[in-house]
Amino acid sequence: MKCTDLLIQEHKIILRAMDVLDHMATRVENSQPVAPEDVETLLRFLRGFADDHHQAQEESALFPELMRTSAWHEGPLRHMVFEHDQERSLVDGIEDALRTKKGSDFVHFANRLTQLIRNHIHKEENILFEAAHRCLSAEQDDRVVTEINKFQIDPKSLADLRRLEWAYLSRAACHA
Ligand SMILES: [Fe+2]
Ligand SMILES: [Fe+2]
């Protein structure tokens, strides 16, 4: 199914950001420096790409189309939207921790967010998208793809992520 393939490609990008956030949290836990502007860049990525772009595609294109199929129950989709809201709150928590310079809060919210997002993506790919394969017709799939393609990825957000990966995940960073 083409629409879920597109969303899975974006999950891979979001999971790369979770690896960066994990490393940032480990550094803070070990009293190693993390530049505040790097956290701001990651927050911008999470809001711009993971939420305004990816989650908006799910909420405005895939989920409504699934709801139009008679075989679909509302509960699992409501739960996914609830988790999107939880992710937004945790991103706000990370921003507050950054503003108040509370390292332990940063580690707490970062760990909760990485756990939630990895879990959420696992559920979408292994349960929700599998069910979408069974429920959506080829015409419905095309309609979702058309809606998804109306969203443009900001190339700057991907460049920012690559820069953060280089800074936090490269061999040089490991030995810093
Ligand atoms: Fe989602
Ligand atoms: Fe997703």
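The values are calculated or read from the model by the stated rules, or taken from the named source; none is laboratory data. Quantities reported herein were computed from a predicted structural model and do not represent experimental measurements. Every residue, glycine as well, gets a Cβ built from its backbone with ideal geometry; the counts of neighbours run over all protein chains shown. Side chains included, ligands, DNA and RNA excluded: accessible areas come from the protein's heavy atoms. Shrake-Rupley method; radii C 1.70, N 1.55, O 1.52, S 1.80 Å.
Would you mind working out the magnitude of the charge dipole of segment 53-176 relative to its Cα centre, with +1 at each Lys and Arg C-beta and -1 at each Asp and Glu C-beta, to the nearest 20 Debye? Intermediate values should be presented prior to the final figure.
Numbers: 16 positive and 21 negative charges, 120 e Å.
It comes to approximately 580 debye.
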Per residue value of the accessible surface for segment 2-174 (all protein chains in place, 1.4 Å probe), Å²: 53
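Quick one: if the Förster radius is 25 Å, what FRET efficiency do ALA159 and GLU29 give, using the C-beta to C-beta distance and rounding to 0.05? Don't skip to the answer; put the middle values down first.
Values: r = 28 Å, r/R0 = 1.12.
In this case the efficiency is close to 0.35.
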Choice from GLY48, GLY75, GLY103 with maximal GNM fluctuation in the chain (Cα, 10 Å cutoff): GLY75
Note, ³J(HN,Hα) from phi for segment 25-37, Karplus 6.51, -1.76, 1.60, rounded to Hz, x at Gly and Pro: 5, 5, 5, 4, 4, 8, 6, 9, x, 10, 5, x, 5
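In whole percent, and with a 1.4 Å probe on the protein chains, what portion of the accessible area of segment 2-174 is carbon and sulfur? List each step's numbers first, then the result.
On the way: 4830 of 9180 Å².
Summing carbon and sulfur atoms, their accessible area is 53 percent of the total for segment 2-174.
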For segment 4-21, 3J(HN,Hα) per residue [Karplus equation, 6.51 cos²θ - 1.76 cosθ + 1.60, θ = phi - 60°, Hz, x = Gly/Pro]: 6, 4, 4, 5, 5, 4, 6, 4, 4, 5, 5, 5, 5, 5, 5, 5, 5, 4
GLN152-LYS102 pseudo-label distance in nm [points 7 Å out on the Cα-to-Cβ vector]: 4.0
Proximal charge balance of ASP154 [Cβ under 15 Å; K/R count +1, D/E count -1]: +2
Charge dipole (the chain, unit charges on Cβ, about Cα centre) - positive-most of VAL20, TRP166, VAL144: TRP166
